[in-house]
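Undergrad: Handing you a structure now.
The values are calculated or read from the model by the stated rules, or taken from the named source; none is laboratory data. In this text the structure is predicted, and so the values were computed from the model without any measurement. As a convention, Cβ positions derive from the backbone with ideal geometry for all residues, glycine included, and neighbour counts pool all protein chains shown. What goes into the accessible areas is simple: the full protein's heavy atoms, side chains included, and nothing from ligands, DNA or RNA. Shrake-Rupley method; radii C 1.70, N 1.55, O 1.52, S 1.80 Å.
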Amino acid sequence: QPPNCLRSDVANGATLNVMVCRFSAAEYAYPPLQQLIQEDPAYVSNGVAGRTFIRKLTGIPYFVSVVPIETGQALGMGWHFALFLPEDELTQGIVRGRDIAIYIC
């Protein structure tokens, strides 16, 4: 059985034998995640609930948050939720609305 994989008959006593494999964060081909792994691997592997920061990744400012998901090590695997939100996607509408309000005044 490959590493990072579980078989259903071993995990929960199921009669259908299914293998589930989880990729590590380092295997995802998402450039901002790859850069964050290189620069701050401890944050990616541990996460901090409630900690979001702005970080320039691949030349673009992102709001970044990695949060551990409380599952009680479901099926023997720890899970994390990673959010990468380009700062422009959040602030662009605010700036546009401000500019319109200034123009009307």
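Undergrad: Scan region 85-99 and report the pairs whose first residue is within 16 Å of Thr52 (Cα to Cα) and whose second residue is of a type in the set (A, V, I, L, M) and not in a helix (DSSP H, G or I), with Cβ atoms within less than 7 Å and a gap of 6+ or a chain change.
TA: Pro86/Ile60; Glu87/Ile54
Undergrad: What is the one condition in (1) polar (S, T, N, Q); (2) modelled with pLDDT of 75 or more; (3) touching a helix residue (DSSP H, G or I) at 6+ places or on another chain (Cβ under 8 Å) that Thr15 does not satisfy?
TA: (2)
Undergrad: If a residue must be modelled with pLDDT of 85 or more and open to solvent by 80 Å² or more (accessible area, probe 1.4 Å), how many such residues does region 35-51 contain?
TA: 2
Undergrad: In region 52-78, what residues are over 22 Å from Gln38 (Cβ atoms) and either hydrophobic (A, V, I, L, M, F, W, C) or modelled with pLDDT of 80 or more (or both)? Show your work before the answer.
TA: So the first thing to find is which residues in region 52-78 are over 22 Å from Gln38 (Cβ atoms), and the list is 69-77.
Once the filter is applied, which keeps residues that are over 22 Å from Gln38 (Cβ atoms) and either hydrophobic (A, V, I, L, M, F, W, C) or modelled with pLDDT of 80 or more (or both), region 52-78 yields Ile69, Ala74, Leu75, Met77.
Undergrad: While we're looking at this one, here's another question. I'd like to verify a number: residues in region 85-99 that are within 17 Å of Lys56 (Cβ to Cβ) and open to solvent by less than 70 Å² (accessible area, probe 1.4 Å), how many?
TA: 4
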